[in-house]
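The values are calculated or read from the model by the stated rules, or taken from the named source; none is laboratory data. Note that the structure is a prediction, hence the values are computed from the model and not measured. Please note: Cβ atoms are built from the backbone with ideal geometry, for glycine as well, and neighbour counts cover all protein chains shown.
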Amino acid sequence: MERKVRVRFAPSPTGALHIGGVRTALYNYLFARQHGGDMLLRIEDTDSTRFVPGAEQYIIEALDWLGIEIDEGICLDAPNGKGDHGPYRQSERRDIYHQYVDQLLQSGHAYIAFDTPAELEAKRAEIANFQYDARTRLQMRNSLSMSAAEVSECIEKGEKYVVRFKVEPNEDIHVHDLIRGEVVINSNILDDKVLYKSADDLPTYHMANIVDDHLMEISHVIRGEEWLPSAPLHVLLYRALGWEETMPAFAHLPLLLKPDGNGKLSKRDGDRLGFPVFPLEFHNEKDGTVSSGYRESGYLPEAVINFLALLGWHGTGDQEMYTMDELIAQFSLDRVSKAGAKFDYEKGKWFNHQYLQFRTNEELAQMFLPTLQAKGIENADLEMVAKVIGLTKERVNFVPELWEQTNFFFVAPTEYDEKSLKKRWKEDSPRHMEELLSVLENVSETDWHTTYETTDDNGNTITRWHLDDVVMPWIAEKEYGVGIVMNAFRICLVGAARGPHIWNITDVLGKAETLTRVHNALESIE
RNA sequence: GGUGCCAUCGUAUAUCGGUUAGUACUCAAGAUUUUCAUUCUUGCAAGGGGGGUUCGACUCCCCCUGGCACUACCA
C-alpha cells in the first residue's frame with residue numbers, strides 16, 4: 001500500500017518569514033492537497049540564541065493570510081499544535097531527542113566530544129581546510145581518543161560537550177531527489193556533524209529534523225536547494241537510526257535569486273529596490289527593524305500565490321493565471337525547474353493588477369477606506385467610493401494607488417496643473433466656461449444623471465449621456481472646438497487634464513458641486 | 001580552496017530529436033481616446049563556448065566557461 005502523503009513546513013522563528021520560505025510552504029501545501037495528504041507545521045527552534053519574539057505568530061498569520069492551510073501541528077486555531085505527533089515545537093521535544101542520541105552513542109554511530117569552540121577555532125587556524133572527520137578526530141578531545149574513565153570524569157566535572165555523528169570514510173552516498181534525480185556524494189567530504197550540545201540540552205537541526213520527520217511519518221521532504229549538500233548526511237542518519245525503509249523522499253527546490261546581479265534574494269534587496277520580501281509587515285523586537293510586507297503594500301493574497309507559484313514551476317502550456325484550486329490540480333514536482341529563479345517584481349505587480357480587476361468595486365471600496373481615512377476623508381459614502389473605483393480600477397496595480405486616480409472626486413482642486421493649463425486653457429476659456437455655466441444651470445437634477453442606449457455610426461450599442469445632448473449642440477451652434485471647451489471644463493473639475501470620461505465625473509460630483517468648481521476655477525485661474 | 005547543483009529573449013518560462021524556437025512581463029511604435037489612463041495591433045529580443053552521438057540536436061553524452069549553494073556547537 002502506498003504510504004499516506006505527509007509533508008511539513010518547518011521554519012525557524014528567527015524573524016519574518018522570507019518570501020522564499022513562503023514558496024516552499026506553498027509547494028508543500030499544493031503537493032499535500034493534490035495527494036489528499038497532510039500538511040504539517042513544525043517550529044524548528046533549536047537555536048535559542050536566534051529566537052525572535054513574535055516570529056512564530058507571524059509565520060502562522062502569514063500562511064493564514066495566503067490561504068495555506070495547516071492540517072497538523074502549530075496553527076491559528078491551535079497555537080500549541082494539534083495532532084497525534086506532537087509536540088510540534090522542537091524546544092519541547094528534548095526527551096525524545098535524548099533517546100535517539102543515546103541510541104546512536106550506544107550503537108557506535110556517534111561519540112562525545114569536549115573540544116571547546118576556542119580549541120576548534122585554533123585548530124582551523126592551524127590547519128587549512130580543517131575538517132572534523134575520520135582523519136582528524138583522533139587528534140581531538142573526544143570519547144574516541146580518550147579513555148572511558150577520562151570521559152566520565154569530564155562529564156562529572158560538568159565540562160560542556162557535544163555529540164558528533166561518526167561518518168564512515170570513503171563511502172558513496174546516493175540521494176534520490178524527485179527534482180534532480182540521483183545525486184552521489186562521497187562521505188569523505190562530510191564532517192562529523194554535531195548532533196547534540198549539552199550546553200543547552202538541545203539537538204542541532206540535522207538530528208532534530210531526522211527524528212521529527214521519522215516520528216511524524218513525513219513521506220516527502222520538500223525544501224530549499226540550500227539543503228541539498230546536507231542531504232547525504234541525512235540519509236546516513238536515517239540509516240544509522242535504522243529508519244532507512246521509511247525514509248522520506250526528497251525534493252530540493254531551486255532558490256529565489258536577486259532581481260539584478262546574482263545571489264540569493266535577501267531583505268536588503270527589497271529595501272534597496274523598493275519591494276517587500278516578506279508576506280506581512282514585521283516589527284522585529286530583537287533588532288528593532290521593520291520589514292515591509294506584501295499585505296501592507298496592497299497585494300492580494302491570490303496574486304502573491306499565483307506569482308510565487310510560477311517562480312520555479314510552470315504548467316505544460318501558456319497558462320499564467322491560476323487559482324489555488326487549479327494549482328493544486330496541476331502542480332507537479334517533476335515540472336519544478338532546476339535553475340534558480342530571479343525575482344521579477346514587475347511581474348508581481350502585473351499579477352496584482354489582474355487580480356484587482358476580479359474583485360468587485362464594493363470589496364475594493366472596503367479595502368480603500370483606510371487610505372481615504374489617512375488622507376483625511378472621513379465618513380466616505382461607500383456607494384460613491386465603489387462607483388469611482390469602478391471608473392478607475394483598471395488604471396492601478398494596488399488599492400492605495402486608487403487615491404492618485406480618484407482624489408479629485410473627494411477634494412475639489414485648489415491648484416491647477418501648469419502643463420495642462422498651458423496646453424488646454426486658452427484665452428477664450430473663461431468666456432466659454434461662463435457660457436457653459438448658464439447652459440448647465442438649465443439642466444434638471446434628473447437629466448444631469450441620465451444616460452440612454454443608442455447606436456453609433458457602426459451600429460454598435462453605446463451609452464450616451466443626456467448632458468451630451470445639451471452641451472454638444474451648444475458647442476456646435478457657437479462653432480467652438482469640442483476639445484478646447486471640454487478640456488477647459490475638465491481642468492475646472494479635476495485640476496488637470498486627466499481622469500475618466502467627463503460625464504462620469506459630473507455624475508459623481510453632482511450638479512451643485514460641478515457648478516461650484518467651475519465658479520472657483522474662474523476666480524482662481526490667472 | 002573543496003564538494004554539489006544549475007545553464008532558452010533583460011526577466012519568468014513553453015518545447016520532452018525534426019517548429020519560421022511559442023507565451024507572458026518589461027520596453028518601443030502605431031491605432032483608439034474631446035484629457036490622462038485603459039484597450040487593441042505590431043515590433044524588439046534567446047538556445048554560453050567547444051567537441052561528440054545521430055540522416056537530423058535547444059533537446060542525449062563529454063569537456064570548458066559561467067552562475068549559485070554548501071563547507072558552524074545557524075537553520
Collect the residues in segment A:1-12 that are in a loop (DSSP other than H, G, I, E, B), crowded, with 22+ Cβ neighbours inside 10 Å and not aliphatic (A, V, I, L, M), keeping them in residue-number order.
A:11
Cβ pairs under 8 Å, 6+ apart or interchain, first in segment A:93-116 and outside the structural domain of residue A:157 (by TED's automatic domain parsing), second part of a helix (DSSP H, G or I) and at pLDDT below 95, ordered by first then second residue, are none
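Which residues, counting only those in segment A:28-73, are assigned to a loop (DSSP other than H, G, I, E, B) and of a type in the set (A, V, I, L, M)? Steps first, answer last, please.
Going residue by residue through segment A:28-73, those that are assigned to a loop (DSSP other than H, G, I, E, B) are A:35-37, A:42, A:44-47, A:51-54, A:67-71.
Answer for segment A:28-73, where residues must be assigned to a loop (DSSP other than H, G, I, E, B) and of a type in the set (A, V, I, L, M): A:52, A:68, A:70.
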Please verify whether segment A:53-74 includes one or more residues that are closer than 30 Å to residue A:148 by Cβ, buried (at least 23 other Cβ atoms within 10 Å of the Cβ) and among the hydroxyl-bearing types (Ser, Thr, Tyr).
no
Go through A:404, A:453, A:383 for me and flag whichever is assigned to a helix (DSSP H, G or I), charged (D, E, K, R) and away from RNA strand B (no atom under 12 Å from the Cβ).
A:383
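Go through the residues of segment A:494-513 one by one and say whether even a single one is in contact with a Cys (Cβ under 9 Å, 6 or more places away or on another chain) and under 17 Å from residue A:433 (Cβ atoms).
Within segment A:494-513, the first condition is being in contact with a Cys (Cβ under 9 Å, 6 or more places away or on another chain), and the residues that meet it are none.
No, segment A:494-513 has no match at all.
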Consider segment A:205-263. How many of its residues are among the aliphatic types (A, V, I, L, M), more than 9 Å from RNA strand B (Cβ to nearest atom), assigned to a loop (DSSP other than H, G, I, E, B) and within 18 Å of residue A:179 (Cβ to Cβ)?
2
Test for residue A:271: is it within 14 Å of RNA strand B (Cβ to nearest atom), within 20 Å of the chain's Cα centre (by Cα) and either acidic (Asp, Glu) or modelled with pLDDT of 95 or more (or both):
no
Among (1) of a type outside the set (Lys, Arg); (2) in contact with a strand residue (DSSP E or B) (Cβ under 8 Å, 6 or more places away or on another chain); (3) within 16 Å of RNA strand B (Cβ to nearest atom), residue A:279 falls short only on (3)
Give A:392, A:461 a once-over and let me know the one that is touching a Pro at 6+ places or on another chain (Cβ under 9 Å) and among the hydroxyl-bearing types (Ser, Thr, Tyr).
A:392
The number of residues in segment A:76-96 that are assigned to a helix (DSSP H, G or I) and out of contact with any Leu (no Cβ under 9 Å at 6 or more places or on another chain) is 2
Would you tally the residues in segment A:319-356 being surrounded by fewer than 16 Cβ atoms within 10 Å (Cβ to Cβ) and among the small types (Gly, Ala, Ser)?
4
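Taking the condition away from RNA strand B (no atom under 11 Å from the Cβ) and either part of a helix (DSSP H, G or I) or of a type outside the set (Phe, Trp, Tyr) (or both), does residue A:397 pass?
On the way: away from RNA strand B (no atom under 11 Å from the Cβ): no; either part of a helix (DSSP H, G or I) or of a type outside the set (Phe, Trp, Tyr) (or both): yes.
It is false that residue A:397 is away from RNA strand B (no atom under 11 Å from the Cβ) and either part of a helix (DSSP H, G or I) or of a type outside the set (Phe, Trp, Tyr) (or both).
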Test: residue in segment A:318-325 that is under 25 Å from residue A:61 (Cα atoms), in contact with a Leu (Cβ under 7 Å, 6 or more places away or on another chain) and of a type outside the set (Phe, Trp, Tyr)
no
Can you tell me which of A:496, A:512, A:521 is touching a residue at least 12 places away in the same chain (Cβ under 8 Å), away from RNA strand B (no atom under 14 Å from the Cβ), among the small types (Gly, Ala, Ser) and at negative phi?
A:521
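Where residues in segment A:328-350 are part of a helix (DSSP H, G or I) and under 20 Å from residue A:31 (Cβ atoms), which of them is nearest to the chain's Cα centre (by Cα)?
Residues of segment A:328-350 part of a helix (DSSP H, G or I): A:328-330, A:333-335, A:345-350.
Next, from what is left, pick out any that are under 20 Å from residue A:31 (Cβ atoms): A:328-330, A:333-335.
On the way: A:328: 18, A:329: 21, A:330: 21, A:333: 21, A:334: 23, A:335: 21 Å.
Restricting to residues being part of a helix (DSSP H, G or I) and under 20 Å from residue A:31 (Cβ atoms), the top hit is A:328.
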Hey, could you check segment A:379-427 for residues that are polar (S, T, N, Q) and within 24 Å of residue A:516 (Cβ to Cβ) and say which is surrounded by the most Cβ atoms within 10 Å (Cβ to Cβ)?
A:406
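Being more than 27 Å from residue A:504 (Cα to Cα) and either within 10 Å of RNA strand B (Cβ to nearest atom) or within 29 Å of the chain's Cα centre (by Cα) (or both), is that true of even one residue in segment A:351-361? Give the steps one after another, and end with the answer.
Let us first name the residues in segment A:351-361 that are more than 27 Å from residue A:504 (Cα to Cα), namely A:351.
Remaining after also requiring either within 10 Å of RNA strand B (Cβ to nearest atom) or within 29 Å of the chain's Cα centre (by Cα) (or both): A:351.
Yes: one or more hits.
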For segment A:407-450, how many residues are part of a helix (DSSP H, G or I), over 45 Å from the mean Cα position of the chain (by Cα) and among the aromatic types (Phe, Trp, Tyr)?
1
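May I ask you to verify whether residue A:19 is more than 21 Å from residue A:312 (Cβ to Cβ) and either outside the structural domain of residue A:259 (by TED's automatic domain parsing) or among the aliphatic types (A, V, I, L, M) (or both)? Show your work before the answer.
Numbers: more than 21 Å from residue A:312 (Cβ to Cβ): no; either outside the structural domain of residue A:259 (by TED's automatic domain parsing) or among the aliphatic types (A, V, I, L, M) (or both): yes.
Taking the combined requirement at face value, the residue does not satisfy it.
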Taking segment A:1-57 as the region of interest, how many residues are at pLDDT below 95, among the basic types (Lys, Arg) and within 14 Å of RNA strand B (Cβ to nearest atom)?
1
What is the residue count in segment A:123-134 for residues that are away from RNA strand B (no atom under 12 Å from the Cβ) and either at pLDDT 90 or above or touching a strand residue (DSSP E or B) at 6+ places or on another chain (Cβ under 9 Å) (or both)?
1
Looking only at residues in segment A:135-191 that are away from RNA strand B (no atom under 14 Å from the Cβ) and among the aliphatic types (A, V, I, L, M), which one is surrounded by the most Cβ atoms within 10 Å (Cβ to Cβ)?
A:151
